[in-house]
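The values are calculated or read from the model by the stated rules, or taken from the named source; none is laboratory data. Everything quoted here is computed from the prediction, not taken from an experiment. For neighbour counting, all protein chains shown are included, and Cβ atoms are generated from backbone atoms with ideal geometry for every residue, glycine included. Note: accessible area is taken over every heavy atom of the protein model, side chains too, but ligands, DNA and RNA are not part of it. Shrake-Rupley method; radii C 1.70, N 1.55, O 1.52, S 1.80 Å.
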Amino acid sequence: MSTYPPPPDLIESRVAWVFGDDFDIDLVVGVANIKSYDADHLRSVCMTAFDPGFVDRVRPGDIIVGGRNFGYGHPHYPPMVALRNAGIAAIVAESFSPGFWRGETFNGMPLITIEGVSEAVALHDEITLDWRTATLDTADGARIVGTPPNPRTVAIIEAGGSYQLLLAEHAPASQ
Amino acid sequence: MGLTIAEKILGRTTDQGAARAGENHAVRPARMIAYDFPGYTDVMFRQMREDFGITELADPSRYVVFIDHMLTRNDQREAEVHQVTRDWCEFYGIELHEAQGIGHQLTAELGLAIPGDFLVHFDGHISGVGAFNALGWGIRRDLIEAWVSGQIHVDIPATTRFDLVGDFPEGVDSRDLVHTIIEMVGADGCAHQVMEFGGPGARSMAIDHRQGLCGMAMFTGAVSAVFEPDEVSMAYAREVARRDFEPVYPDDDAVYAARHTIDLSTLVPRVVRPGSARVANTSTVEELAGTPVTRAFIGSCASGRIEDLRAAALVLDGRKVAPTVELNVVPTSKKVYEQAEQEGILDVLRAAGATIAVSSCDFCFGYQQPLQPDENCISTGVLNISGRMGSPDANIYMGSPYTVAASAITGTIGEAAR
């Protein structure tokens, strides 16, 4: 269940990392740590294989950018818990692996599909993302537009995750 | 414009009675299945009761739970996990099957994989029911939406059609086919889609091979896979189904995202190197010949059925597993186990030096006799990611039962003699 607040309408942020195609999300914390939910431990191993200083440099609201089929593999939840705790507010990729997409959409993470994004931005670029319309303004003023999430997915993200939306729709009135 | 099998099956389950690829609908599964696993079913049951106040299910017959994981250590933790499951299933009146085999296979044997039906599970390998012209979709934690509301919102998927022709050559089966398809279309070649199989080659495939193929659909990015119905699958369904059913055929003018023809007779044995099932990891057996292995595994929801065991016995009959190799065979269900025993298959495998384990998921996810660091295993399991079958420092190669059996004999990856 998500314990994270919904993102702002406009995510004004910085590109924290750019991954390539078929990125296996387990690699964010390493296979040895994919069953851990200990926040301190996940922080200590988050992205160390790519950039040991990542969690100290990342800022709240930063985004991750990916290539095609982001999240390919057997997407466990802890790597995204680690990235969320580090401040990542959204992932924008060329496309998402279905299992990862469903699992993290359930958790309320905006996963936005924009073709060409991995070429249009670079590490540490200051960008603005309108996640509802899948519109990203790049550091040099260009605008790229992807496929907006459907209304149900928007409702999930606005609710802070599928479980929160389900509670709003089906929990007994007394609760 | 005509409809695909997936559009027709899902369309039946919507309030509107119709669905088209690209639309988002609330769909109503005929069955909502799970296996018990700590942090999943135990939590979901508690959420239903405590967060949603559900003390009685509107239609308990739509819920099915299997106890097929964590069966072999016989420790306190196992006992507690399963007792929680039994208690909750009794509380809600949910059908529960324990220690009868892997749930994805039992779904078929128990007559739950009915042609034209839509089934959900949190595990993606439920797509194996596509062999019976049912549509199985692994929806991960969204299963709680189905369990609470009786429906699940999905984007209706587009379909890629595979027209199969020809027959498998000797020593080649559905594992070689699925890895060939991944190589052909890519690890996201059918992303967010359904794979639809038909044609004379599809009709020539044994049910077991169809199940194995459909169960691996996720490795092309597909959300499910489904076969056109034919006399073979309908005969199976008529024997086990608990009610009347209506099989679903695609329209002649169905709209597909892509269409491919594959001649099964041209396939060669494939092995997937450790790491993932992605395209770059797929090799021919010939390319990897000589790679040493110390462990071999034949089983799983993809490849432990009677045809798979027959294939292994064909290779191992009168031969011996190398003394440096441990070969474990896990029939996919108790029923498969008993049939293999009756056919004498298990005796052949035992005589060759294989160990036959009870039907469960435990070898496949590293719970039973986990791999040790630096071991090489050749497996018919469903995943070869690091740590899947034990140590993250072990290596898992994946291949067909023919290839695994042949490799077990020599202690190196190799092709079954054809």
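Quick notes on this one:
- Here the condition is being away from chain A (no Cβ under 14 Å) and farther than 30 Å from residue B:248 by Cα; of B:105, B:47, B:100, B:76, it holds for B:76 alone.
- Test: residue in the stretch A:154-171 that is open to solvent by 30 Å² or more (accessible area, probe 1.4 Å), more than 17 Å from the chain's Cα centre (by Cα) and more than 10 Å from every other protein chain (Cβ to nearest Cβ): yes
- Residues of the stretch A:20-39 satisfying the condition of being in a loop (DSSP other than H, G, I, E, B) and touching a Leu at 6+ places or on another chain (Cβ under 9 Å): A:29, A:36
- Residues of the stretch B:327-361 that turn out to be farther than 17 Å from residue B:35 by Cβ and part of a loop (DSSP other than H, G, I, E, B), as a count: 6
- Count of the stretch A:122-152 residues, restricted to those that are among the β-branched types (Val, Ile, Thr) and part of a loop (DSSP other than H, G, I, E, B), is 2.
- Counting only strands (runs of 3 or more DSSP E) that fall entirely inside the stretch B:1-113 and contain at least 1 residues that are closer than 25 Å to residue B:302 by Cβ, the qualifying elements are B:31-35, B:63-67, B:95-98.
- Residue in the stretch B:157-166 that is of a type in the set (S, T, N, Q), within 11 Å of chain A (Cβ to nearest Cβ) and more than 22 Å from residue B:339 (Cβ to Cβ) present: no
- Extreme residue, surrounded by the fewest Cβ atoms within 10 Å (Cβ to Cβ), among residues of the stretch A:94-108 that are touching a residue at least 40 places away in the same chain (Cβ under 8 Å) and either among the acidic types (Asp, Glu) or more than 10 Å from chain B (Cβ to nearest Cβ) (or both): A:94
- Of all residues in the stretch B:264-283, those satisfying the criterion of being outside any loop (DSSP other than H, G, I, E, B), of a type outside the set (D, E, K, R) and closer than 26 Å to residue A:97 by Cβ are B:271, B:272, B:279, B:280, B:281, B:282, B:283.
- Near pairs, Cβ below 6 angstrom, 6+ apart or cross-chain, from the stretch A:119-140 (among the aromatic types (Phe, Trp, Tyr)) to any residue that is at pLDDT 95 or above: A:131/A:90; A:131/A:110; A:131/A:112
- Qualifying residue in the stretch B:320-338 (condition: in contact (Cβ under 8 Å) with a residue 24 or more places away in the chain, more than 19 Å from the chain's Cα centre (by Cα), buried (at least 18 other Cβ atoms within 10 Å of the Cβ) and closer than 30 Å to residue B:111 by Cβ): no
- Enumeration of residues in the stretch B:392-418 that are part of a loop (DSSP other than H, G, I, E, B), over 25 Å from the mean Cα position of the chain (by Cα) and either in contact (Cβ under 8 Å) with a residue 24 or more places away in the chain or under 11 Å from residue B:321 (Cα atoms) (or both): B:411, B:417, B:418
- Taking each residue of the stretch B:235-250 that is within 8 Å of residue B:114 (Cα to Cα) and looking for partners that are of a type outside the set (A, V, I, L, M) with beta-carbon atoms closer than 7 Å, six or more apart or interchain, yields B:237/B:115; B:237/B:132; B:237/B:245; B:241/B:111; B:245/B:115; B:245/B:116.
- Restricting B:399, B:381, B:353, B:414 to those that are within 14 Å of another protein chain (Cβ to nearest Cβ) and open to solvent by less than 50 Å² (accessible area, probe 1.4 Å) reduces the list to B:381.
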